[in-house]
Amino acid sequence: MAVPPTAASPVLATVPTCTAVSTHCPYCALQCSMTLTPAGGTAVVEAGEGGLCRKGWTSAALLDSPRRLTSPLVRDGRHGALREASWDEALDRAAAGFRAAQATGGPDGVGVFGGGGLTNEKAYLLGKLARVALRTSQIDYNGRFCMSSAAAGAMKAFGLDRGLPFPLADIAGAGAVLLVGSNLAETMPPVVQHLTRQKENGGALVVVDPRRTPTAAAATLHLQVQPGTDLALANGLLFLAIEQGLVDEQFVAARTTGWDDVRRAVASSWPAEVERATGVSEPDLREAVRLLASADRAMVLTARGAEQHAHGVDTVSAFVNLALALGLPGRPGSGWGCLTGQGNGQGGREHGQKADQLPGYRKLDDPAARAHVAAVWGVDPDSLPQPGRSAYELLDALGDGGGPTALLLMGSNPVVSAPRAGHVQKRLASLDCLVVADVVLSETAAMADVVLPVAQWAEEDGTTTDLQGRVLLRRRALSPPAGVRTDLDVLAGIAERMGCATGFPVEPEAAFDELRRASAGGAADYAGISYDRLLAGEALHWPCPAPGPDGAPHPGTPRLFLERFAHPDGRARFVAVRQPQQAEPVDEAFPLLLTTGRVAAQYQSGAQTRRIGALTETSPSAFVELHPFLATRLEVADGERVRVSTRRGEAFLRARVVDTIRPDTVFVPFHWAGRQRANLLTSDALDPTSRMPAFKVCAARIDRVAEAVR
Amino acid sequence: MTRRTVPRTDGHQLRRVVVVGNGMAGARAVEELCLRDPDVLVTVFGAEDRPAYNRVLLSDVLAGKRRHDEIALTAAPGRVVQRLGVAVVSVDRRTRTVTSSDGATTPYDALVLATGSTALVPPVQGIAGPDGRLLEGVHVFRTLDDCSAITAAAGSAKRAVVVGGGLLGLEAARGLLRHGLSVEVVHGAGHLMETQLDPTGGAVLRRAVEALGVGVHLGSFAAGVTGGRRVTGVRLADGRQVEADLVVLACGIRPQVHLARAAGLAVERAVLVDDLLRTDDPHVYAIGECAQHRGTVYGLVAPAWEQAAVLADLLTGRAAAYGGSKTITRLKAMDLELAAMGDTTPELADCRDDVEVLVFADPVRHVYKKVVVTAGVVTGAILLGDLSTAGPLTQAFDRATPLPAERLHLMFSGLGTATEVDPATLADDAVVCTCNQVSAGAVRSCSARTVAEVALATRATTGCGGCRSLVEGLLCPTPALERRTA
């Protein structure tokens, strides 16, 4: 493929639209609808029916930001500075780096790291690039840090993982919602309108969180749990449900297996034990159970607070057990679900950028799945690699870690977002060749040997799958700046240089049509979904198979499990679990519990939002939240700069003294870089099943520093 | 309890573990061992002829809240050899074998004594026949069989006397009440639950217990049990006679140590163990109610479980040590809410600079709260009638965490948390719309007359919409006075 240097690709050179375009927000998994009207190099944003938060409103500011990358960059020699280069030079350099790494390290000498923000088309072709063009097993993505525990828990219980197995709007009709480890009022604000309706309908909301967040403050009942003990809490709630005869025995008998083991396992979770572990008092435990069990329709929703632990999968299982015992899953208006975080956190985990996965939520170690996908790809099934390392293990293996010596990174910024980030940064620095495709010069891109400037959401078509499993079409509203290409273009360019001149479409719709065929017959079946149907405004939730013999299009599946669960016997499975010892107990040297999370005006590693003035005005820097009791003891004043340290590193942060946090816990948001990085502190203890790092709790200390407040 | 787990350097592991006792401690030790090491060979002997069950929930069974079959503990993995209904009759420490009641000999590398305890039968005249069997209608309350026997007897009985006003006695009394019996508690000490409560707490508890309909006799030892073939009453030491056709003995427990004693192990009140839970024979360990550690014999389940976890670490080649447990007692009867922990004996008069005693008493409403703080750390507490701070208080006691300067927070929840916001009093820099970070001042100064105009000018209310009523309030502030009279 001959591409003129520094020119936009032929696909993008077509004339941009000048009229308003209906599309969706670039940020979280809500994927709020918005209208973009091109204006100069950027666009005017209007909210759709569901509203927008501040991040959505200001999202267009990055389109014509001077901090955008508009030319490929390469580094000459390990210690040289990045300089501008032509696309051909940059892609040639990348391909040469990959070939060199594979010459010494074999196919697995190259790693690929993707992201949950990539569209379905990109995630699909990134996986294909790894397996077909690079033939490496070493691919995973940052969704491992978000959704993997919920996904594994759902697979165990239901045989299928779709974040919400019901439409979001069902929330409004729920008599009670138990929300575990989500601060959605700040992290995905527009979703609150569903809870507001639910409240107006007389519904109750129980929030489990170590902090009295805006979400918790609006709740009927707030359970201020110690970080990392949600599992004990769930077992304790189930104990009380059993004690009070609230178990739906009929449902349990008709639609589940494994109840006996779980009932026995939770028999040791009486309130006094649970109080001791969680710090939640018995009257509150009883009230939570009463609210949940007395509602006609009820939901248990988990999020990262429950899932990002070295026992995240078991914690999810514990809450699913509670939901199953109360007879919630598979009933209209009720159920268990997880709130997916990243923009395409759902679709991104279905189509093959995960280490063990092929498109359509197929398993890479399943011979039938390999045969199906290999046929679509026109390759020998035996040529497909086997499952490789999980995200953190892959990052930890890079360079002098003994794994890949070259890495292609797309849609992620692990220098800020990976656990034990200081260590990950060292591993990245030890690579022979790091290739990063990004919109701006992120902290990780700044370390790269080759930086490829790519288009933003408003500049290309593509689909995402939102937190309720609904596939949405993002539309192109304007052309990318000169010198910028799409991710699909980048993938095609690399594939061609690695010897695959075909098979990597640069047109999103063509990529989607191939994805449909690859996913056909899989758990996440997209075969019946087309750009045309989406353009016509159809609300299509997967699975949506191809039309049957009668030719009628499949309507999609808004509600899963109404008839049967996805295990072969059609039943949901209880999984007996026990609260483990803390992976890193507090001690005299590190006496505090550190938990991490988000703020309203920033998104993920902040690569986008820290470059938008309106957002940095509100949230200019990181901070550490601590309770006045603790602040008094440490003699730390509000606003004072302090050092927060753990066994892995230290960060320098402004103290924010608030009475909304537990006195034994401190909180640091993770969106900032440099010495403000929360992830310099976090633990790389991994869940044995999901390989999710323990972002949500580790042992820490706070010290005053002599330096003045910045 | 503090413990650290690190790999033991010598790498030595004991392959054959024999556990004597399949109760709360023994079954937990087996579970913990199997979690840590799939290859360890475990044999467990249980004198009761049934799988392990949760003794703590027997009160629930007596109260009719759970069925017999609902208190089973997690089943041991298939590879564990379970010898149920088989008692160990002797230990040969020289050959490292145990001999069981079925005549079999089982070798061990490590022997774990988890023999628990038996119910104490007080030396009361007439309580037992010449054969040592309890008089008909008199029961101890220790095992599932005891529980079944009491439940059966309660069906035809009318008047029950519970001897013992401790934790178990009160739970038994509450359970019997649910069977429709008239119930009286006879207690030797001057107040109920004297091990856990101070006299005032005991007095308030007495009011709560009496309000449920239970008669309470304090400072009265049972001197005799009357009745020929079956019980007709209890005679108190002060001469009073209490009629009863059912008597439940809840007078405490006695560690089962005869096996250890016969094997020549050091025994005081229970089998002596060190911080590695070893007896004076390094191949023999003891945990639970039959073990005495640093002078303490624990009668609660939490310490037994903590010991089981440490023991499993040690037996699977990890370094660990047991430093003692902090005990928290909980009365499990739904309408009697009581948590007690640590030493609650210091009185207000004992207050010094480093010993603080906080007390709140509302006897008429059956509420009593007491917290003892020593050198800035909770060392004892009672919460009776209101458990709303039990969670934080338990953790503060358990972990010796730093306390709020405002001690009131230890006893009462909901102090100082935000109430409904009055828009009129909001500071200009207070954020009204969190989605769009719009301040009260921005709404006030945007000269809009409707919410829609505010939305247009500031984007407030265009996210989740949760601030709508606040924004309305900022448009036309309602005077607080007016609202109060409305």
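So here's what we get for this one:
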read-out	value
Strands (runs of 3 or more DSSP E) wholly inside the stretch B:319-436 containing at least 1 residues that are within 14 Å of chain A (Cβ to nearest Cβ) and free of Cβ contacts under 8 Å to residues at least 24 places away in the same chain	B:328-333, B:431-433
Residue match in the stretch A:624-634 (condition: polar (S, T, N, Q) and part of a loop (DSSP other than H, G, I, E, B))	no
Members of the stretch A:91-144 found to be basic (K, R) and closer than 17 Å to A:A355 by Cα, listed by number	A:K122, A:K128, A:R131, A:R135, A:R144
Selected residue (only one of A:V225, A:V247, A:V262 is assigned to a helix (DSSP H, G or I) and β-branched (V, I, T))	A:V262
Residues (outside any loop (DSSP other than H, G, I, E, B), over 23 Å from A:F512 (Cα atoms) and either charged (D, E, K, R) or in contact with a Pro (Cβ under 9 Å, 6 or more places away or on another chain) (or both)) located in the stretch A:360-406	A:P367, A:D382, A:A391, A:Y392, A:E393, A:L394, A:L395, A:D396, A:A397, A:D400
Test result for A:A288, within 14 Å of chain B (Cβ to nearest Cβ), within 18 Å of A:Q579 (Cβ to Cβ) and touching a Ser or Thr at 6+ places or on another chain (Cβ under 8 Å)	no
Single residue of the stretch A:224-250 satisfying the filter (polar (S, T, N, Q) and in contact with a Pro (Cβ under 9 Å, 6 or more places away or on another chain)) that is surrounded by the most Cβ atoms within 10 Å (Cβ to Cβ)	A:Q226
Enumeration of residues in the stretch A:625-643 that are more than 14 Å from A:G674 (Cα to Cα) and away from chain B (no Cβ under 14 Å)	A:E625, A:A637, A:D638, A:G639, A:E640, A:R641, A:V642
Residue match in the stretch A:370-389 (condition: within 30 Å of A:G674 (Cβ to Cβ) and either of a type outside the set (A, V, I, L, M) or touching a Phe, Trp or Tyr at 6+ places or on another chain (Cβ under 7 Å) (or both))	yes
Members of the stretch A:205-222 found to be within 10 Å of another protein chain (Cβ to nearest Cβ), hydrophobic (A, V, I, L, M, F, W, C) and part of a helix (DSSP H, G or I), listed by number	A:A217
Of residues in the stretch B:289-340 being under 28 Å from B:D109 (Cα atoms) and β-branched (V, I, T), the one surrounded by the most Cβ atoms within 10 Å (Cβ to Cβ)	B:V310
Sole residue being within 14 Å of chain A (Cβ to nearest Cβ), outside any strand (DSSP E or B) and on the phi > 0 side of the Ramachandran plot, chosen from B:G78, B:G64, B:G103	B:G64
Residues satisfying the stated conditions in the stretch A:581-611, i.e. farther than 19 Å from A:R677 by Cα, more than 10 Å from chain B (Cβ to nearest Cβ) and not small (G, A, S)	A:Q582, A:E584
Positions within the stretch B:386-412 being small (G, A, S) and under 16 Å from the mean Cα position of the chain (by Cα), in sequence order	B:A390, B:G391
From A:A253, A:A298, A:A204, residue being surrounded by fewer than 21 Cβ atoms within 10 Å (Cβ to Cβ), farther than 26 Å from B:P303 by Cβ and small (G, A, S)	A:A253
Among the candidates A:A318, A:A310, residue that is over 18 Å from A:Q224 (Cβ atoms) and assigned to a helix (DSSP H, G or I)	A:A318
Residue in the stretch A:291-307 that is nearest to the other protein chains (Cβ to nearest Cβ), counting only those that are over 16 Å from A:A216 (Cα atoms) and in a strand (DSSP E or B)	A:M299
Search result, residues across the stretch A:434-466 that are closer than 24 Å to A:E509 by Cβ and assigned to a loop (DSSP other than H, G, I, E, B)	A:V439, A:A455, A:Q456, A:E460, A:D461, A:D466
Residue check for A:S71: within 14 Å of chain B (Cβ to nearest Cβ) and within 28 Å of A:I612 (Cβ to Cβ)	no
Selected residue (only one of B:V112, B:V86, B:V91 is modelled with pLDDT of 95 or more, aliphatic (A, V, I, L, M) and in a loop (DSSP other than H, G, I, E, B))	B:V86
Which listed residue is away from chain B (no Cβ under 14 Å) and assigned to a helix (DSSP H, G or I), from A:E538, A:E514, A:E563	A:E514
Filtered residue count, the stretch B:51-61, keeping only those that are of a type in the set (V, I, T) and within 11 Å of another protein chain (Cβ to nearest Cβ)	1
Matching residues, the stretch A:659-676, being farther than 14 Å from A:I702 by Cβ and either within 14 Å of chain B (Cβ to nearest Cβ) or of a type outside the set (G, A, S) (or both)	A:D659, A:T660, A:R662, A:P669, A:F670, A:H671, A:W672, A:R675, A:Q676
Candidates B:L259, B:L236 - the one that is on the phi < 0 side of the Ramachandran plot and in contact with a Phe, Trp or Tyr (Cβ under 9 Å, 6 or more places away or on another chain)	B:L236
Search result, residues across the stretch B:398-426 that are at pLDDT 80 or above and closer than 20 Å to A:L221 by Cα	B:H409, B:L410, B:M411, B:F412, B:S413
Test result for A:P591, of a type outside the set (K, R) and more than 25 Å from the chain's Cα centre (by Cα)	yes
Qualifying residue in the stretch A:334-352 (condition: in a helix (DSSP H, G or I), under 20 Å from the mean Cα position of the chain (by Cα) and surrounded by fewer than 22 Cβ atoms within 10 Å (Cβ to Cβ))	no
Single unsatisfied condition, A:A655 versus (1) over 24 Å from the mean Cα position of the chain (by Cα); (2) modelled with pLDDT under 95; (3) crowded, with 18+ Cβ neighbours inside 10 Å	(2)
Filtered residue count, the stretch A:242-272, keeping only those that are within 10 Å of chain B (Cβ to nearest Cβ), over 33 Å from the mean Cα position of the chain (by Cα) and farther than 15 Å from A:A572 by Cβ	10
Residue list for the stretch A:121-178, restricted to those being part of a strand (DSSP E or B) and among the small types (G, A, S)	A:A176
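One line per residue, one yes/no per condition, for (1) touching a residue at least 24 places away in the same chain (Cβ under 8 Å); (2) not in a loop (DSSP other than H, G, I, E, B):
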residue	(1), (2)
B:V216	yes, yes
B:G219	yes, no
B:V234	yes, yes
B:G239	no, no
B:V242	yes, yes
B:G264	yes, no
B:A304	yes, yes
B:D313	yes, yes
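The values are calculated or read from the model by the stated rules, or taken from the named source; none is laboratory data. Small disclaimer: the values here were computed from a predicted structure and weren't measured. Counting neighbours? That spans all protein chains shown, and the Cβs are built from the backbone with ideal geometry, glycine included.
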